[in-house]
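Below: the structure, in structure tokens.
Taken together, the values in this text are just the output of simple stated rules run on the coordinates, not laboratory data. Since this is a predicted model, take the numbers as computed values, not measurements. Every residue, glycine among them, receives a Cβ derived from its backbone with ideal geometry; neighbour counts consider all protein chains shown.
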Amino acid sequence: MCKLKNAIIATSVALLSMTAAKADNPIIQTNYTADPAPMLYDGTVYLYTSHDEDKTVRNFFTMNDWKCYSSKDMVNWTDRGTIFSYKGFSWSRGDAWAGQCIPRNGKFYYYVPVNMKNGGNAIGVAVADSPTGPFKDAIGAPLLIGYGYIDPTVYIDDDGQAYLYWGNPNLWHVKLNEDMISYDQKLGIVKEDLKDANFGYRAKKIDNRTAAYEEGPWFFKRNAKYYMLYPAGGVPEHLAYSTSNGPTGPWVYGDTIMHVIKNHGAFTNHPGYIEFKGKSYLFYHDGGLPGGGGFKRSVCIEPFNFNADGSIPLITPTSKGVVESAANVDPYQRTEAETIAWSEGLKTAQDQQKGVYVTEISNGDYIKVRSVDFGKGAKTFLASVAGKASTGTIEIRIDSKDGKLLGTLPVKTTGDDLSWKTQSCKVNAVKGVHDIFFVFKGGDGNLFNFDWWKFVAK
Ligand code: FUB
């Protein structure tokens, strides 16, 4: 984005000290991300997001592609790149809005809304052999076409029946066939009756606002109860939920689960939910990054506990987000440089050769990686870097950006910005679990590119 970096530099010292002190919402700082859709697969959380472009066109959502991030600990997120674009649907002219991906029979089905070439709303399906793609149009045509057909959410029940819900301001569903790219024609498209008791108070006003379903449903099951989370209340949106004893209702309105976000909110919000390692997490978006707002949103996470009766408590948006890491990072394994708990200034890029790497690194930028377990200690730091005229260094610090210096890697030129070399430096004694800060120092302009790092144990 051209550039969050500029916005960050222009932002006051007050903001920088605020961000340095807090962890770690919004969870992605290298792009504007929205409409979070987490998916658990093989011990890893894959987070699919829509993507607000840096440059908003005609004061409206400017969204061309979808991104994926992954994590094994809920605090460090690895950028897996742009995984699909509306251009992958030959029949679409744009508007890559909120989608959800689900695995089935060794394939990954990504349900996404776009606008068709004639302008109408449609839901397409992209399919891939891996959670991070490459995705391609699974049908060659839309799965569903209709006014207000946006924001699909998909769930496969214990009996193998898959359901797709979607819509704004109506809510529809179909039963997907086993192939996941067609649906039960006999049942057809079912439109929910959005009565107050089912999906919130549309007619009655509460605090001068309607409290009813608006869009962005998120469907899941927990302990035999079916949940539908959704943005409600029009503009601006809060988050609410309904529950049911069956996958197709009847639905019973629950309550508000997140109020309209007052501090750095966007006029939309959008829920996602996942249980990971026995803990519950609500994903949502705000406008919390520098330069952020309604068309430049950012994904955030809050851990929460269900009430004993299965109801969902009111969840407060925080800047700290997930405090407790679900796992430690092993520094003796290669870690992608784009694995980030918090960063400032820099960006990510991707190409065929390297995949995703960290780029546009300027003097003073940094990456924080949380909960790194050094065990008995490290002796050497290795980094894969590339830079035509590099004069920069990577300072390896622990526990804060100005914390104890473990070592400094002077990055030597590799001859080209995409000519990658592994370079190393000695590190001072360090034991146990620490947050690492890679602080980049150097002259003017972009210093070098950074692809991965690891330590060598003592
Ligand atoms: O991101 C574009 C639209 O805004 C989504 O489809 C809605 O859910 C809202 O977040």
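Cross-link pairs exceeding 20 Å in C-alpha to C-alpha distance, out of 277/401; 412/454; 404/454, comprise 277/401. Pairs exceeding a 20 Å alpha-carbon distance, out of 368/431; 221/320; 347/426: 221/320; 347/426.
Simple point charges give the picture: +1 on the Cβ of Lys and Arg, -1 on the Cβ of Asp and Glu, and for the chain a dipole about the Cα centre of about 920 debye.
Sorted by average packing, counted as other Cβ atoms within 10 angstrom per residue and highest first, what order do 338-349, 57-68 take?
Details: 338-349: 23.9, 57-68: 16.7.
Ranking the peptides 338-349, 57-68 by packing returns 338-349, 57-68.
Amide H to amide H under 5 Å from residue 265: which residues, 5+ apart in sequence or cross-chain, H placed 1.01 Å off N in plane? Sorted by chain and number, the residues that satisfy this are 287.
What percent do you get for the relative contact order of the range 29-304 when only Cα pairs under 8 Å and 6+ apart count? If you can, show how the numbers build up before the last one.
On the way: 754 pairs, mean separation 39.4, N = 276.
RCO, the range 29-304: 14 percent.
Summary value for the range 250-362: 18 percent relative contact order, contacts being C-alpha pairs under 8 angstrom separated by 6+ residues. Here the mean projected area of the convex hull built on the C-alpha positions of the chain is 22.0 nm². Secondary-structure-derived ellipticity at 222 nm for the chain, considering helices only, amounts to -1000 deg cm²/dmol, per-run term -39500 (n - 2.57) for DSSP H runs with n ≥ 4.
With the simple spin-label model, which puts each label point 7 Å out from Cα in the Cβ direction, the residue 105 to residue 130 separation comes to 2.3 nm. For the range 56-190, taking the reciprocal of the average inverse distance between every pair of different Cα atoms yields a Kirkwood hydrodynamic radius of 15.4 Å. Per-residue packing, averaged as other Cβ atoms within 10 Å, sorts the ranges 400-410, 285-295 into the order 285-295, 400-410, beginning with the highest. Extending 7 Å from the Cα toward the beta-carbon at both residue 458 and residue 44 defines two label points whose distance is 3.2 nm. The Cα-based radius of gyration of the range 244-390, divided by its Kirkwood radius, gives an Rg/Rh of 1.05. In summary, the aspartates and glutamates within cross-link reach of residue 376, defined as a Cα separation below 15 angstrom excluding same-chain residues under 8 places away, comprise 330.
Taking a quarter of the surface of the Cα convex hull of the range 223-310 gives a mean projected area of 6.5 nm². Considering all different alpha carbon pairs of the range 379-432, the Kirkwood hydrodynamic radius works out to 11.9 Å. With N as its number of residues, the range 335-457 has a Cα radius of gyration that, divided by 2.2 N^0.38 Å, comes to 0.97.
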